[in-house]
Amino acid sequence: MKDFFNRQYDHQGNIQLHHNRQPDACLARIDISLVAAILNTEQQSLLSWFSDDEREYLRRFRFPKRRHEWLSGRIAAKHCLLQINKSKGSPHRADVFSILPDVHGQPILTSAPTGHLHKVSISHSHQYAVAIAAGHGCGIDIQHIGPQILKVKDRIATAAEISLARQLLPDNMQIGLTLLWAVKEALKKHKLPDQSGIFEAIVIEQIHPDYRQHSWRVECRLTATNQLQTVRAILLDQYILAWCRE
């Protein structure tokens, strides 16, 4: 995972993030357990990342697990925004950005310095939270690879898509099916955030592997509009990470 998230950042010696910088975009990950530990020992340092509106929204969470995931995802997203702004010579503090859910539950920038119109997307699975920030629309998803995916394969993919996964990874259908799932989730966040069902609305037509990098370029089509969209995906230890943008 460190090979992809190849740049490290330490915030005040207690919050460690890793990111991958791309043209007009940034992806980042953070270990959720580290955020949970800091929240218990240095709460004010952690909350310095957040605006007043975000701190107020945080009060809604009754369960620690959900609170830790929410905090982690937004720290990762703000780190992406800070890295993009830093490269443009306009650094800011994290708390000047406010990321709250829209009516569909998708994270959006509700407050930002003038001229900062970047979009963000957030995901979390097991140990990690990840985020992407880009100049235009984007989506990201991370999925832990496990045997449970085999039980729901007919709910997440068509027979043709499952056949693609089997041809691509005949010896490990857990990876192949998780790839299909993560790709569709990332594309849903980018193009179909207002829709609850995604697996009939998105068709995976081609998967182009790069075996040296354990990564894929996935060509998808939105059934309602026939719009084509490329999604990138990569195997990172026991996870599949997928992302897309304009």
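Things worth noting here:
- Entirely in the stretch 62-173, the helices (runs of 4 or more DSSP H) that have 1 or more residues that are assigned by TED's automatic domain parsing to the domain that holds Y211 and either touching a Cys at 6+ places or on another chain (Cβ under 7 Å) or polar (S, T, N, Q) (or both): 159-168
- Any hit, the stretch 198-214, residues being assigned to a strand (DSSP E or B), charged (D, E, K, R) and closer than 30 Å to V103 by Cβ: no
- Considering the stretch 186-216, the residues that are under 29 Å from P107 (Cα atoms) and acidic (D, E) include one that is nearest to the chain's Cα centre (by Cα), namely D194.
- Single residue of the stretch 90-109 satisfying the filter (within 16 Å of G135 (Cα to Cα) and at pLDDT 90 or above) that is nearest to the chain's Cα centre (by Cα): P107
- Filter pass, V183 being over 15 Å from D154 (Cα atoms), part of a helix (DSSP H, G or I), among the β-branched types (V, I, T) and under 16 Å from the mean Cα position of the chain (by Cα): yes
- Filtered by the rule that a residue be more than 30 Å from R21 (Cβ to Cβ), touching a residue at least 12 places away in the same chain (Cβ under 8 Å) and more than 22 Å from the chain's Cα centre (by Cα), the stretch 166-180 gives a lone residue, M173.
Matching residues to (1) buried (at least 17 other Cβ atoms within 10 Å of the Cβ); (2) free of Cβ contacts under 8 Å to residues at least 12 places away in the same chain:
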site	(1), (2)
P64	no, no
C80	yes, no
K86	no, yes
I108	no, no
I132	yes, no
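- Where D24 falls short, out of the listed (1) in contact (Cβ under 8 Å) with a residue 60 or more places away in the chain; (2) in contact with a helix residue (DSSP H, G or I) (Cβ under 6 Å, 6 or more places away or on another chain): (2)
- Single residue of the stretch 148-189 satisfying the filter (among the β-branched types (V, I, T) and crowded, with 24+ Cβ neighbours inside 10 Å) that is nearest to V231 (Cα to Cα): V183
- First in the stretch 197-211 and over 12 Å from R221 (Cα atoms) and among the charged types (D, E, K, R), second anywhere and surrounded by fewer than 15 Cβ atoms within 10 Å (Cβ to Cβ) and at pLDDT 85 or above, Cβ under 8 Å, 6 or more apart: D210/R217
- Scope the stretch 212-246; condition polar (S, T, N, Q) and without any contact (Cβ under 8 Å) to a residue 12 or more places away in the chain; matching residues: T225, N226
- Among the residues examined, Q143 qualifies as in contact with a helix residue (DSSP H, G or I) (Cβ under 7 Å, 6 or more places away or on another chain) and not hydrophobic (A, V, I, L, M, F, W, C).
The values are calculated or read from the model by the stated rules, or taken from the named source; none is laboratory data. On a predicted model such as this, the values are computed, not experimentally measured, just so you know. Virtual Cβ from ideal backbone geometry, glycine too; neighbours counted across all protein chains shown.
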